[in-house]
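Below: one structure, written as structure tokens.
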Amino acid sequence: MLLVNWIAPTGRGTHVRVLLCAFALLCATAAGEKARAEEPIKLAVYPFELEDFSAAGGVVSTDARDAKYLAEATQEAKKWLSDSGKYAIVDTASVQDEPAKKHTMHSCHGCVGPITKKLGADQAVVGTITRISRTEYTMLIQIFDAATGEPTSRYFTGLRMGADYSWPRGVTWLMKNRILARKDSG
């Protein structure tokens with residue numbers, strides 16, 4: 001009987017109870033929408049890749065130092081993105097597609113979206129370091145939408161008069177000053 005009186009109130013205080021009920025419902029709806037809006041974006045961060053256009057580019061393959069600094073650059077990106085609270089990092093280690101295994105995601109012409117969707121991620125990060133010479137590099141970090149496979153953002157920096165050990169620092173600079181500095185990141 002109390003439930004019936006609360007849902008279909010009669011007598012004194014009817015309007016107050018109806019208003020309180022409507023207000024509570026409105027607050028609960030707004031809280032649910034806010035919680036959904038603040039859920040972190042599922043983000044696949046693929047291992048950073050090296051394009052070598054230096055004089056020895058076609059002759060010398062990626063060596064242990066390059067592999068070490070590419071891995072550090074990837075970890076730095078994951079750390080910054082995860083620590084921002086805006087992203088939940090999705091593990092990419094299980095990917096068996098050739099572009100991911102051969103580190104050619106940056107040039108696979110449309111493969112990023114489907115591969116990322118298979119992982120259950122909403123977006124993907126593909127980082128490419130281009131070696132121009134042994135002391136001159138550029139870095140491009142692209143964010144892709146998994147649904148469309150299209151890049152939604154591109155961030156670029158030059159690493160002049162540096163060396164491969166500067167790659168993680170380049171990631172840090174892009175994260176602090178460009179990618180996470182945006183008010184609408186993602």
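Counting charges near Asp91 (Lys, Arg +1; Asp, Glu -1) among other residues having Cβ under 13 Å from its Cβ returns a value of +3. One way to sum up the overall shape of region 40-179 is the equivalent ellipsoid from its Cα gyration tensor, whose semi-axes run 24, 17, 13 Å, largest first. 3J(HN,Hα) along region 82-99, derived from phi through the Karplus expression 6.51 cos²θ - 1.76 cosθ + 1.60 where θ = phi - 60°, amounts to 5, 5, 5, x, 8, 10, 10, 6, 9, 5, 9, 4, 7, 5, 10, 5, 3, x Hz, with x in place of Gly and Pro. Simple spin-label estimate for Ala163 and Ala71 gives 1.9 nm between the two label positions (7 Å along the Cα-to-Cβ direction from each Cα).
Would you mind checking Lys68/Lys102; Lys42/Lys86; Lys42/Lys102; Lys117/Lys176; Lys79/Lys118 for any pair whose Cα atoms are more than 20 angstrom apart? Could you put the intermediate results ahead of the total?
Values: Lys68/Lys102 16 Å; Lys42/Lys86 9 Å; Lys42/Lys102 23 Å; Lys117/Lys176 27 Å; Lys79/Lys118 23 Å.
Cα-Cα > 20 Å for Lys42/Lys102; Lys117/Lys176; Lys79/Lys118; rest within.
Values in this text are rule-based calculations from the coordinates and carry no lab data. As the structure is a prediction and not an experimental result, all values here were calculated from the model. Backbone-built Cβ (ideal geometry, glycine too); neighbour counts: all protein chains shown.
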